[in-house]
Structures are given as structure tokens and as C-alpha cells.
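> Quick one: structure below, then a few questions.
The values are calculated or read from the model by the stated rules, or taken from the named source; none is laboratory data. Here the structure is a predicted model, which means the values were calculated and not measured. Here the Cβ positions follow ideal geometry from the backbone for every residue, glycine too, while neighbour counts run over all protein chains shown. Accessible surface is based on the protein model in full, side chains and every heavy atom, while ligands, DNA and RNA are left aside. Shrake-Rupley method; radii C 1.70, N 1.55, O 1.52, S 1.80 Å.
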Amino acid sequence: MHALKKNRPLRRIVLASAATVSGMVLLLSLKPHTSPTLTTADAKSPSVSSSSAPSSGSSGSASGSKGISRSVTGDTVQTRWGPVQVRVTIKSGRITDVTAVQYPSDNPRDQEINSYALPQLRHEALAAQSAEIDMVSGASYTSTGYRQSLQSALDSAGL
């Protein structure tokens, strides 16, 4: 006689439940490939570079700083899915451009998320003229790293 005969349905239910619970425990025990904490990298201090835009006025003008544009690169922030680093271009005390230098792009899902998140974060930063920007839904780790790196760059620039 077979152990799982039809006249013993309770035994089938118990075995099916045990198999389901075992499968769920195995599935939930899988770990992500990196730790879920956000930390600022201690690699090196932010870099600052300056360049002078061409000016059409005379060299003796009182507003000489208007033509100076400088770029400041923020700290690299390690997120759960990879590093995030931002470069800010500042002209006349205003943020004129924000570029993501590093961001998670190891797999197609990272690329998909960042293809819509990074332009939104850039737009927010240019509109706010600070690191006080809204996070992008679905890209919370990238948004947090972006904000931290942006704040680091703005601190280095003295803004």
C-alpha cells in the first residue's frame, strides 16, 4: 500500500503545507548581493575645477566673476546597488548644471530605473538650487546617494 492513499487526506495536507513552508523559508533566506546601508566613501575629498568662459566685455569691468564657471565633484556615496557621484557646475553663485558621474548601471533593471530617475533628480536640483530635492519613487537608494553627493559638492563649493 502506498503512504499517500486517498483515504488519508490529512496526511496529504500536512505534507503539502510542510513543503510550502520549506520553499518559502528557502526563498526568503536569499540575500541581496551587497549590504543595504548607505555610507559616504572615504576615498578622497571632492575635486574642484574652474574655467573661464569667454567674455566680450573689457578686462577692467567690475563684475569679473560673472564669466567664471567652475565644476565641483561631490563625494562618492556607496548605496545598496552601487556608487553614486554627482558633479555640479556653478556660475555666478547659481547651479547651472548637475551631472551624475557614477550611478548604478550593472544590470538592465538599474539602467531602467536610472534612465528615468537621473533626469528627474537633475531637474529638481536645478529648480531648487540646493540639495533639498524630492526623491524619485522607485529609485530611493539612487535618490539618497544623489542628494548626499550633491550636498557634498555644494559644501565644497561654499554654497
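> Among the residues of segment 94-109, is any crowded, with 18+ Cβ neighbours inside 10 Å and part of a loop (DSSP other than H, G, I, E, B)? Show your work before the answer.
The initial filter retains those residues of segment 94-109 that are crowded, with 18+ Cβ neighbours inside 10 Å, namely 95, 98, 100, 103-104.
Checking which are part of a loop (DSSP other than H, G, I, E, B) leaves us with 103-104.
Yes, the conditions are met somewhere in segment 94-109.
> Evaluate segment 132-149: report whether one residue or more is surrounded by 14 or more Cβ atoms within 10 Å (Cβ to Cβ), in contact with a strand residue (DSSP E or B) (Cβ under 9 Å, 6 or more places away or on another chain), in contact (Cβ under 8 Å) with a residue 12 or more places away in the chain and hydrophobic (A, V, I, L, M, F, W, C).
No: segment 132-149 contains no residue that is surrounded by 14 or more Cβ atoms within 10 Å (Cβ to Cβ), in contact with a strand residue (DSSP E or B) (Cβ under 9 Å, 6 or more places away or on another chain), in contact (Cβ under 8 Å) with a residue 12 or more places away in the chain and hydrophobic (A, V, I, L, M, F, W, C).
> If you take the residues of segment 69-84 that are open to solvent by 50 Å² or more (accessible area, probe 1.4 Å) and in a strand (DSSP E or B), which of them is farthest from Ala153 (Cα to Cα)?
If we take residues in segment 69-84 being open to solvent by 50 Å² or more (accessible area, probe 1.4 Å) and in a strand (DSSP E or B), then Gln78 is farthest from Ala153 (Cα to Cα).
> Restricting the first residue to segment 79-91 and requiring it to be farther than 16 Å from Gln111 by Cα, which pairs with a second residue that is acidic (Asp, Glu) and open to solvent by 10 Å² or more (accessible area, probe 1.4 Å) meet a Cβ separation below 8 Å and a spacing of at least six or different chains?
Val88/Asp97; Thr89/Asp97
> Let me spell it out: the conditions are (1) within 22 Å of Gln129 (Cβ to Cβ); (2) at pLDDT 60 or above; (3) open to solvent by 90 Å² or more (accessible area, probe 1.4 Å), and Lys66 meets all of them except one. Which number is the exception?
(2)
> Quick one: Gly93 ticks every box in (1) in contact with a strand residue (DSSP E or B) (Cβ under 9 Å, 6 or more places away or on another chain); (2) within 25 Å of Ile68 (Cβ to Cβ) bar one, so which box is it?
(1)
> A follow-up question, please. Determine whether Arg87 is in a helix (DSSP H, G or I) and either touching a Lys or Arg at 6+ places or on another chain (Cβ under 8 Å) or open to solvent by 40 Å² or more (accessible area, probe 1.4 Å) (or both).
No; evaluated as a whole, the condition is false for this residue.
> Another question, then. Please find, within segment 17-36, the residue that is modelled with the lowest pLDDT out of those that are in a loop (DSSP other than H, G, I, E, B) and not polar (S, T, N, Q).
Restricting to residues being in a loop (DSSP other than H, G, I, E, B) and not polar (S, T, N, Q), the top hit is Pro36.
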